[in-house]
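Reviewing the structure listed below.
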Amino acid sequence: MNLKDDLKTGVLYTSLAKFAGIFITLGVSAVLARLFTPEEFGIINIATVFIAFFSVFSDLGLGPAVIQKRDLTGDDLRGVFSLTIWTAVILALVFLAAAVPITNFYDGGPQLRNVLLILTANLFFNTLNMVPNALLLKEKRFKFAAVRQLAVQLVCGAAAIVAALLGMGIYALTINPVCSSIAIFVINYWQHPLKPRFNPGMDTVRKVFSFSAFQFGFQIVNYFSRNLDKLLMGRYISMADLGYYDKSYRLMMMPLQNISFVLTPVMHPVFAQIQDDKRHIASAYIRVIKLLAYIGFPLTAAMYFMSSDLILFFFGDQWGPSVPCFKILSLSVAFQIISSSSGAVFQASNDTKRLFGCGIFTAITMIGAICTGIFAFHDTRMVATCLCIAFAANFVQCYWSLFRGTLKCGWREFWKTLVGPFALAVILAAALWGLSFAIKGITNHFVALVIYTAVSVAISLAFVQLTGEYDILTKIKAKLCR
């Protein structure tokens, strides 16, 4: 199978799972949002932020290294897996010890402490998952990974809802992450039953260290740039404001996680096959960018005008204060959807050092934006505004570094690729602005969303057909003729 076929197959199965997962995630979130208060979600947000921090150390950059390195033997893989076991045990013990100090810092009470203790299991099994999961992706078993993820998401999401309805309270919100990590590990280990050994072996560590060290460094700085807003809001603003902000942030991130992240796990193992041919990687990646841009820029315009209806329909009227932040954050969606795919190209090109450098720049700009919004303005909307500016700056420096540094080619073609999608977004924004006045009297949020979506899809399809970017009609006719 060639590069194009590998990409198509991988994207097909991961996208089917991701898009089905959107409906599952939205359904579960919609139910739970009506059963819990913003303050309770704020407590969960604090716990998950610290879990995410410890998870950075659980990876150590080993997952991508297993995918990238072609010369790893079976004994090497056993050594790397053994290293993750030791890492899981140490991190779990440290996290258990940190539960009380974290609770005292945020004045979270017994609820926050108990949630942290429960989520230790999530941290432990996610760490054990690194190597078996990387092996599945390295073997390009995208269909199996997609079916596994979707099944676990469905079962564990339903379990969380049942637990909430049975009166488990805030602890029901820990069911999904804990059960998911355990179930995925069991399935992965069944596929790759690696036998651990007491001593991981320094030879194995040296094999992956040159690649994984900078990958690990990038993950650390990326964690702080992505989570510092939540860490500081819970302490210096309020748990309720954090709950509103995080709900808007998570909804904004959903297209990012379910569109570009469909490509990212596929791109690394596929592009790694041609890691020595930078020109080939650049030309293939330009086509990926074009697709993401034609999704991301129109989606930015649509989400901006649909913001109020999206929040109120999915989460209920009690989440109304989330709307202003969501509207502001939606302006960054296109930049994030496109740039989130760049990490896989840095990895496949064996340039995690430059990826780490980009991460440092990103961390500096985003931490500055977050601190400005919180300490200078003490307002979540200003945090969102400053973050949007930071996302735009990071977008430019990321692709300058990728095309001019890693791929050793000009980036004029990159900017030309964005012209059409940006023009479409401007046309769509003008149309939706006029439509917003026409449907102002519609109070049913679902009906309003249907109208906005139908108009957005119609304009987008007409644009790409009339400009010749994609000949949709010819492809449909060809399918019908078959």
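The values are calculated or read from the model by the stated rules, or taken from the named source; none is laboratory data. Everything numeric in this text was worked out from a predicted model, so none of it was measured. Please note: Cβ atoms are built from the backbone with ideal geometry, for glycine as well, and neighbour counts cover all protein chains shown. What goes into the accessible areas is simple: the full protein's heavy atoms, side chains included, and nothing from ligands, DNA or RNA. Shrake-Rupley method; radii C 1.70, N 1.55, O 1.52, S 1.80 Å.
Numbers below:
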item: Distance from the range 221-298 to the range 345-367 (C-alpha centre basis), Å; result: 13
item: Principal axis dimensions, the range 311-459 - Cα atoms, whole angstrom, descending; result: 54, 40, 22
item: Overall form of the range 239-314 per C-alpha gyration tensor (a/c, 1.5; a/b vs b/c); result: prolate
item: P(r) weight above 25 Å for the range 254-386, C-alpha pairs, percent; result: 40
item: Karplus-derived HN-Hα couplings along the range 328-337 (A = 6.51, B = -1.76, C = 1.60, θ = phi - 60°), whole Hz, x at Gly and Pro; result: 5, 5, 4, 5, 9, 4, 4, 4, 6, 4
item: Quarter of Cα convex hull surface for the range 404-446, i.e. mean projection, nm²; result: 5.0
item: The chain - mean residue ellipticity at 222 nm from DSSP helices (-39,500 (n - 2.57) per run, n ≥ 4, rounded to 500); result: -27000 deg cm²/dmol
item: Percent carbon-and-sulfur accessible area, the range 216-265, ignoring ligands, DNA and RNA, probe 1.4 Å; result: 59
item: Dimensions in Å of the range 443-482 - Rg and Dmax from alpha carbons; result: 14.0, 44
item: Descending Cα extents along the principal axes, the chain, whole Å; result: 68, 55, 48
item: Probe 1.4 Å, protein heavy atoms only - accessible area per residue of the chain in square angstrom; result: 44
item: From phi via Karplus (6.51, -1.76, 1.60), per-residue ³J(HN,Hα) for the range 46-53 in Hz, x at Gly/Pro; result: 4, 5, 5, 5, 6, 4, 4, 5
item: Accessible surface of the range 336-417 [probe 1.4 Å, protein heavy atoms]: carbon and sulfur percent; result: 63
item: Rounded to whole Hz, the Karplus (6.51, -1.76, 1.60) HN-Hα couplings of the range 77-91, x for glycine and proline; result: 5, 4, x, 5, 5, 4, 4, 5, 5, 4, 5, 4, 5, 5, 5
item: Check: the chain dipole with +1 on Lys, Arg Cβ and -1 on Asp, Glu Cβ, in debye; result: 1240
